[in-house]
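Peer 1: Have a look at this one.
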Amino acid sequence: MPIKMRFFSAVIVSISLLLSGCSNQTPPAESKEQQGQECYSLGKKVEIDKLSYLECRYQKSGDLNYVQLTGDTKGKVNNNLDPIEVCKIQDQRPTEGFASRLSGQNTAFPLTNTVIPPTGEFNIGIIPIDFPDSAATQSVDELMSGHIKDVDDWLEFTTDGVTKYTWHMPQDWLRMPLESSFYKFGKQNIASDGSYVTVEEQLQSTEEMTSQIFSAAEAFMNLDEIDYFWIVLPPTVKHVDWTVNGWHLPVLTSSGIHHLTFYSLANVLWNQQTQQAPMYGILLHEMLHAHGATQHAPGNEYAMHVGNSIGSVMGAWDSFILGWRPDEAFACLDANNLTEKEITLTPLDHKEPGYKAAIVKLSEKEVVVIESRRKGPFSHKWIDGAAFVTAYAVDSSKLGLRFDGDNSRVKDYFSYYLEINEPHIEGMDLGQPLANMNGPDAENFSVRHIAFQGDIFEYGGIEIEVINQADTDTVRISKRN
């Protein structure tokens, strides 16, 4: 055979052997995501079919795994529960002294201390003021209309229309007669020991400031028909932390004396919104105080509830005592009669019906409240895939005191988060729900206070175990041995 032919034959044989060898190799299996499989991006979704999908979530181990979901968060309803009245513990605080049951805010039933009733239709006045040395740079509507819509949407989401606001707002800024420094208010902040600290010196009396502000406002609205006022300063006025605020305060204007309730939206609150808090939450939080909610618990300054100061949705207990959710939204259990009960909770952050909390009555003064949490339409900065259970104690005999910035006193509040019996090895990054404005404890919150499937809370002679987590959360509540 000629050399050239032998060369080509060898090449053909080599190629044949190569192809033959390849055909005998098993191709690598395709990676197919499935329930329980490890994943690497919290909140990642993988469609299975038209009815179900996988979502990447944290597990008790701290690992990320896929959980199969359908998007149906309607919860099951239990028939053999205790009457809801059993869980409406009565306010056991003393009747005298600061933060007593007569102080104007409530920690339990009945809801008697309010400046504004909790339910109904209310008029909210916006009083936009600027100054000769600090003129506003945007229109009132540009500044406030988006925040007002957020509040209205939140109220509809939370209360199903039992509480509504009608807003009254001038289209132009009301120019004050003096420079901005004359409208600094000597507001008292709460220190870590529970005492009050004055943070501003006033150049005018409160009476002078309120008279000037509300005299300008009464040209645009009937002061006596407004239930709550927001005095709004432009965000550009950086050196006025607060202007006047008051509850049912007598205010003298050219038309006479009016008893008004109002709060200021100035530098401190604008900064909170810029840094970490949704403005709708800030506005609602202050108005909720007037509606009668003590708030700031459980977990003062954690962004878990609007009532915690900078949060997202309304906590189950606050919504229970205010009547902002119907009684059937709560599963009530009396620990005295408890054997074992499984309760399916629908996420507090979602609109779908079902139990928004399980409430276990431990005594005439104490309950435990259990909530399911998810990212939802009002979960400010929460991460997709955030899914967990929390539980907190409520003691109606404790005063509604705060100790801002002192996490060592968390159990001195009338309500505080319970800890799981075996803390997680490390924290889970779920985003804003675990952020803390002042205290050093934020990084430990997910280690000690949030529960995944298999985690257990033990408190007051009962055990709460998370036994299933998917679209909803199921907890098993039983007496401890």
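No lab work stands behind these numbers, since they all come straight from the coordinates. This structure is a prediction, so every number in the text was calculated from the model and none was measured. Because the Cβ atoms are built from the backbone with ideal geometry, glycine has one as well, and the counts that use them run over all protein chains shown.
Peer 1: Viscosity 1.306 mPa s, temperature 10 °C: what is the translational diffusion coefficient of segment 291-339 from Stokes-Einstein with a Kirkwood Rh over Cα pairs, rounded to a whole number of µm²/s?
Peer 2: This corresponds to a translational diffusion coefficient of 134 µm²/s.
Peer 1: Let me ask you something else. For Leu265, what residues show an amide H to amide H distance below 5 Å, using hydrogens built from the backbone and excluding near sequence neighbours?
Peer 2: The list, which skips near neighbours in sequence, is Ile231, Val232, Leu233.
Peer 1: At a temperature of 37 °C and a viscosity of 0.692 mPa s, determine how fast segment 136-179 diffuses translationally according to Stokes-Einstein, using the Kirkwood radius over alpha-carbon pairs as Rh; express D in µm²/s, rounded to the nearest whole number.
Peer 2: Answer from the Stokes-Einstein relation: 265 µm²/s.
Peer 1: Determine the distance separating the Cα centre of segment 299-350 from the Cα centre of segment 85-124; give it in Å without decimals.
Peer 2: Here the two parts' Cα centres lie 17 Å apart.
Peer 1: Using the Cα centre of segment 120-283 as origin and beta-carbon charges of +1 (Lys, Arg) and -1 (Asp, Glu), tell me which of Ala217, Met169, Ser180 is placed farthest towards the positive end of the dipole.
Peer 2: Final value for the positive-end residue is Ser180.
Peer 1: How many nm separate the modelled label positions at Asn65 and Thr137, each set 7 Å beyond the Cα in the direction of the Cβ?
Peer 2: For Asn65 paired with Thr137, the spin-label model returns 5.3 nm.
Peer 1: Sort the following peptides by mean Cβ neighbour count (other Cβ atoms within 10 Å, averaged over residues), highest first: 32-42, 86-96, 236-246.
Peer 2: 236-246, 86-96, 32-42
Peer 1: Using θ = phi - 60° and the Karplus form 6.51 cos²θ - 1.76 cosθ + 1.60, what ³J(HN,Hα) does each residue of segment 78-84 get, whole Hz, x for Gly and Pro?
Peer 2: 8, 9, 9, 10, 7, x, 4
Peer 1: Sticking with this one: For Val313, which sequence-distant residues (separation of 5 or more, or a different chain) have an amide H within less than 5 Å of its own amide H, given hydrogens modelled in the peptide plane?
Peer 2: Under 5 Å from the amide H of Val313 lie the amide H atoms of Val306, each far enough along the sequence or on another chain.
Peer 1: Compute the semi-axes of the equivalent ellipsoid of the chain, taking the square root of 5 times each eigenvalue of the Cα gyration tensor, and list them largest first in whole Å.
Peer 2: Semi-axes from the Cα gyration tensor: 52, 32, 19 Å.
Peer 1: Whose amide H sits under 5 Å from the amide H of Lys44, counting only residues 5 or more places off or on another chain, with H placed in the peptide plane?
Peer 2: Residues meeting the amide H criterion: Cys56.
Peer 1: What is the dipole size for the chain, taken about its Cα centre, with +1 at each Lys and Arg Cβ and -1 at each Asp and Glu Cβ, in debye to the nearest 20?
Peer 2: Dipole of the chain, to the nearest 20 debye: 1520 debye.
Peer 1: Continuing with the same structure: Be a star and scan segment 126-158 for residues whose amide nitrogen sits under 17 Å from the point 7 Å along the Cα-to-Cβ vector of His239.
Peer 2: Inside the label zone: 130-136.
Peer 1: Next up: So for segment 120-283, Kirkwood radius off the Cα pairs, Stokes-Einstein at 10 °C and 1.306 mPa s: how many µm² s⁻¹?
Peer 2: Reported coefficient: 96 µm²/s.
Peer 1: When Lys and Arg each count +1 and Asp and Glu each count -1, what net charge do the other residues less than 13 Å away from Thr158, Cβ to Cβ, add up to?
Peer 2: So the environment of Thr158 carries a net charge of -3.
Peer 1: Restricting to segment 120-283, what percent of DSSP beta bridges are antiparallel, rounded to 5?
Peer 2: Of those bridges, close to 35 percent are antiparallel.
Peer 1: Let me ask you something else. Among the lysines, select those whose C-alpha is under 25 Å from the C-alpha of Lys351, and discard any that sit fewer than 8 residues away in the same chain.
Peer 2: Filter leaves Lys44, Lys45, Lys50, Lys74, Lys76, Lys88, Lys149, Lys164, Lys341, Lys375, Lys381.
Peer 1: Length gain on complete extension for the stretch Asp49 to Asp72, per 0.36 nm per residue less the alpha carbon to alpha carbon distance? Intermediate values should be presented prior to the final figure.
Peer 2: Details: separation 23, 0.36 × 23 = 8.28 nm, distance 1.43 nm.
Taking Asp49 through Asp72 to full extension adds about 6.8 nm, to one decimal.
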